[in-house]
Amino acid sequence: MIRLDQVLLLQEKVEAAVEKISSLTDKVSQLESENDALRSKCAELTKAFSEKTELVSTIESTQAKIEESILKTLNRLDSVEDAILSGQGVQTGNENSSESQPVQNEILQEENTDSEQQASEQTVVSEPQIFQQEEPKQMQENPAEPQTDLNGQFDIF
């Protein structure tokens, strides 16, 4: 037959098992809650990473466009310098400003096109300017003679 002490021992073991199960159930629900929070944080970080990757890509393409624009401008400056040095660009102040106006307009049009494509970026590209030095009296008196005072150099700043 079953004795009373055996029943009491069995009751203690059942109560311990119930407590253990209850404790483990609480622990599981706590871990599930933490897991959900971590999944949410992971989703946020993944989204932020994607946005930053897109931003970097946009910045890189913008940088490439800016570099291309700078190279075009430098090439134009080289062309102007070559024209001036070869004697084809020797002009009076009024003629120079009227002929440089189409080049300036073209540069402004390209800058406007670039700025429209880069609406999210705030990039300032300064327009290159060529300052013509005052012509010596000898050049003003006889414009057919080449200018020798500058030794083939000119100031572009």
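The values are calculated or read from the model by the stated rules, or taken from the named source; none is laboratory data. As the structure is a computational prediction, the values presented were derived from the model and not from experiment. So basically every Cβ, Gly included, is an ideal-geometry build from the backbone, and we count neighbours across all protein chains shown. Ligands, DNA and RNA are stripped out before the accessible areas are found, and what is left, the full protein with its side chains, is counted by its heavy atoms. Shrake-Rupley method; radii C 1.70, N 1.55, O 1.52, S 1.80 Å.
Out of all the residues in region 50-70, which are loosely packed, with under 12 Cβ neighbours inside 10 Å and hydrophobic (A, V, I, L, M, F, W, C)? Correct list: L55, V56, A64. Residues in region 1-52 that are at pLDDT below 95 and β-branched (V, I, T): I2, V7.
Checked against (1) open to solvent by 80 Å² or more (accessible area, probe 1.4 Å); (2) at pLDDT 95 or above, T73 passes all but condition (1).
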